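Notes follow the structure.
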Amino acid sequence: MSKISVLIPAYNEEENIENTIQSIKEQAGGFDYIIINDCSTDKTREICEANSFKVINLPINLGIGGAVQTGYMYAYQRGYDVAVQV
C-alpha cells in the first residue's frame, strides 16, 4: 500500500481549517496530512495547536509556492510515495 500525504497550505484559514481536516479524516482516512501554516495573522496556528493537528508553522510568509514546496520537501524527507495538495 502506498504511503500518501495530503499537503494543506494555509494562510488565514481559521474559518475553514477544522472542517478541512475533518473532511480529510472522513473521506480519506488512510491518508496522512500536513498543514503548512504560511505565517497566518489570524488564529489558524492556535486552532491547529489546540486540536493537535499536524502542522508546520513557517516563520515568515512564503506565499503559496513556498508553502507547497515546504510540504513536498516534508513528504519527500519522510518517505511518502505520493503527496497531493489541497
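The values are calculated or read from the model by the stated rules, or taken from the named source; none is laboratory data. Owing to the predicted nature of the structure, the values given are computational and were not obtained by experimental measurement. As a convention, Cβ positions derive from the backbone with ideal geometry for all residues, glycine included, and neighbour counts pool all protein chains shown. Ligands, DNA and RNA are stripped out before the accessible areas are found, and what is left, the full protein with its side chains, is counted by its heavy atoms. Shrake-Rupley method; radii C 1.70, N 1.55, O 1.52, S 1.80 Å.
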Just the residues that are open to solvent by less than 30 Å² (accessible area, probe 1.4 Å), assigned to a loop (DSSP other than H, G, I, E, B) and within 22 Å of ILE4 (Cα to Cα), please, taken from the range 39-57. PHE53
Residues that are modelled with pLDDT under 95, more than 19 Å from GLY71 (Cβ to Cβ), surrounded by fewer than 21 Cβ atoms within 10 Å (Cβ to Cβ) and aliphatic (A, V, I, L, M): does the range 13-31 have at least one? no
Which ones in the range 77-86 are outside any loop (DSSP other than H, G, I, E, B) and either in contact (Cβ under 8 Å) with a residue 24 or more places away in the chain or at positive phi (or both)? VAL82, ALA83, VAL84, GLN85
Can you confirm whether TYR74 is buried (at least 16 other Cβ atoms within 10 Å of the Cβ), in a loop (DSSP other than H, G, I, E, B) and not acidic (Asp, Glu)? no
Can you name the number of the only condition in (1) among the hydrophobic types (A, V, I, L, M, F, W, C); (2) under 21 Å from SER23 (Cα atoms); (3) at pLDDT 95 or above that VAL86 fails? (3)
Just to be sure I understand, how many residues within the range 1-38 are assigned to a strand (DSSP E or B) and polar (S, T, N, Q)? 2
Yes/no for ILE35 being under 13 Å from the mean Cα position of the chain (by Cα), open to solvent by 90 Å² or more (accessible area, probe 1.4 Å) and among the aliphatic types (A, V, I, L, M): no
Looking only at the range 58-71, how many residues end up being in a helix (DSSP H, G or I) and either without any contact (Cβ under 8 Å) to a residue 12 or more places away in the chain or open to solvent by 40 Å² or more (accessible area, probe 1.4 Å) (or both)? 3
